[in-house]
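Taking it in order: structure first as structure tokens, then the write-up.
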Amino acid sequence: MNILIAVLFMLVPAPIIYLNNRVKWVNKLGIVLICYILGIIVGNIGILPESFSGIQSTMQDVSVCLALPLILFSLDLKKWLKTAKKGIICMLLAIVSISVVVFALHLIFGASDPNTPQYAGLAMGVYTGGTPNIASIKTAIGVDETTYTMFNTYDMVISIGYILLLTSGAKAVFKKVFRLRDFEGDKNVSRDDTNNDTADPENYKGFFKPQILGKVLLAVLLSGVILAISYVVGEMATGYETAVTILLVTTLAIVCSFIKPVREIRKTTQTGMYLIYVFCFTVATMADIKMLVNINWTILSYVFFSIFGSMILHALLCKAAKIDADTMIITSTSAICSPPFVPVVAASLKNNAALLSGIATGIIGYAIGNYLGIGTYWLLERLPF
């Protein structure tokens, strides 16, 4: 029965992807948001056996560790660094913003809760990279299941509100309140202009063509090899096994992205995103809505102020750096919610050029989120306050 449920979990994103390209309201909500909503429903109506909880944890860990290399393989880091100055600056300002907020929260709550370094590490990772990073960091820094489930539940609920805010007129508010400038450039850049599957992570057209599928399977195998090497090396780092494993997975994937034959394999981004959708559904089934009744106010404060506090500070910094509203909004989305949400917000902005920058900065976030989250935890653990 557990194996059957695991297979069904793996298949959940497929019909959603199919409907995403054919049903307007599905496309408007976005694949990730629907995976979250379905997962929360499935996980809280009492149909999953208790014996499945261990498989849930394994599925979330394995899916994200296989997905991250597949997404990072397609990143042309050298080219992007040369052409995306504004996006890089905006992403750096997003990192500065969340760093200031989590350190401030540590100063506020550190005296009353000894676990604030863990909360800060989770927040730093998830709000620079996304939900996949929080799962990696949780394992790396030893966060217990109750804390993780609580943090993840609050994050899902508040993040849904955040996305709804950004897609329902937030641009006008940012322009009026923060006086951010208009986007400069052609908003109607075609996704096809890039000749890069990274530009459209929801495009699975041609995926099952033999010449594409064969190379995709090789990329999946390479991702598995990276995970295996990282695990073996990590086991040698006594006391830091998981942290070393997670960081090594990220590092080796980035190194492989510099190998042209690997970088040019078609549909690796889409394959990685499929695993991210599986991850999102799986992790959502682990959310416990009862925790919205018995609230841990410290963790809720970390989540709420990390999202909205960093967003406000980010907007202020973008105003000072003369970065436009579209770039700020799309980069904030990619940092706080990760690349899967970027197309949803970009569609509301009617700006394909911003979409490309958002996905690129989001993939950078995937790459650095683990470093930032684990590093923040280690730093705060060693501070005397």
Pull out the extension gain between residue 44 and residue 115, defined as 0.36 nm times the separation in residues minus the alpha carbon to alpha carbon distance; nm, one decimal. 22.9 nm
Of 268, 370, 295, whose Cα points farthest to the positive end of the dipole of segment 264-385 (charges on the beta-carbon: +1 Lys, Arg; -1 Asp, Glu; origin at the Cα centre)? 268
Could you order 8, 372, 68 by accessible surface area, starting with the largest, using a probe radius of 1.4 Å? 8, 372, 68
Output the lone cysteines of the chain: those with no second cysteine's C-beta under 4.7 Å from their C-beta. 65, 90, 256, 318, 337
If the elastic network links every pair of Cα atoms under 10 Å, which of 212, 31, 226 fluctuates the most in the Gaussian network model of the chain? 212
Which order do you get for 158, 289, 368, 137 if you rank them by accessible area with a 1.4 Å probe, largest at the top? 289, 368, 158, 137
Prolate/oblate/rounded call for segment 1-75, Cα gyration tensor, a/c under 1.5 rounded: oblate
If the limit is 19 Å between Cα atoms, which of 24/176; 85/322; 28/350; 24/171; 175/350 go over it? 24/176; 24/171
Phi to ³J(HN,Hα) by Karplus 6.51 cos²θ - 1.76 cosθ + 1.60 over segment 86-92, Hz, x for Gly, Pro: 5, x, 5, 4, 4, 5, 4
With every protein chain left in place, what is the accessible area per residue of the chain in square angstrom, probe 1.4 Å? 43
Got a number for carbon plus sulfur as a percent of the chain's accessible area, 1.4 Å probe? 67
Could you work out [θ]222 nm for the chain from helices alone, using -39500 (n - 2.57) per DSSP H run of at least four and dividing by all its residues? Round to the nearest 500 deg cm²/dmol. -23500 deg cm²/dmol
Charges at C-beta only: +1 for Lys and Arg, -1 for Asp and Glu. How large is the resulting dipole of the chain about its Cα centre, in Debye rounded to 20? 1420
Just want the answer: with Cβ charges of +1 for Lys and Arg and -1 for Asp and Glu, which residue in 94, 114, 286 is farthest toward the dipole's positive end in the chain? 94
Leaving ligands, DNA and RNA out of it, rank 86, 28 by accessible area with a 1.4 Å probe, largest first. 28, 86
In sequence order, calculated HN-Hα J values of segment 40-45 (Karplus, 6.51, -1.76, 1.60; Hz; x Gly/Pro): 4, 5, 4, x, 10, 9
Say the dipole of the chain comes from +1 at the beta carbon of Lys and Arg and -1 at that of Asp and Glu; which of 58, 170, 131 then lies farthest toward its positive end? 170
Model label zone, residue 205; criterion: amide N under 20 Å from point 7 Å along Cα-to-beta-carbon; scope segment 1-43: 14-28, 30-31
Does segment 284-354 come out rounded, prolate or oblate, given a ≥ b ≥ c as the square roots of the eigenvalues of its C-alpha gyration tensor, rounded meaning a/c under 1.5 and, failing that, prolate meaning a/b above b/c? oblate
Enter the Cα centre distance for the pair segment 1-71 and segment 109-136, rounded to the nearest angstrom. 24
Given Cβ point charges of +1 (Lys, Arg) and -1 (Asp, Glu) and nothing else, what value in debye, to the nearest 20, does the dipole of segment 221-360 about its Cα centre take? 400
By the gyration tensor of its Cα atoms, with a ≥ b ≥ c the square roots of the eigenvalues, what is the shape of the chain: rounded for a/c under 1.5, prolate for a/b over b/c, or oblate? rounded
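The values are calculated or read from the model by the stated rules, or taken from the named source; none is laboratory data. Just so we're clear, the structure is a prediction, and the values are computed from it rather than from any experiment. Quick reminder, even Gly has a Cβ in these numbers, built from the backbone with ideal geometry, and neighbours come from all protein chains shown. Ligands, DNA and RNA are excluded from the accessible area calculation, which covers all protein heavy atoms including side chains. Shrake-Rupley method; radii C 1.70, N 1.55, O 1.52, S 1.80 Å.
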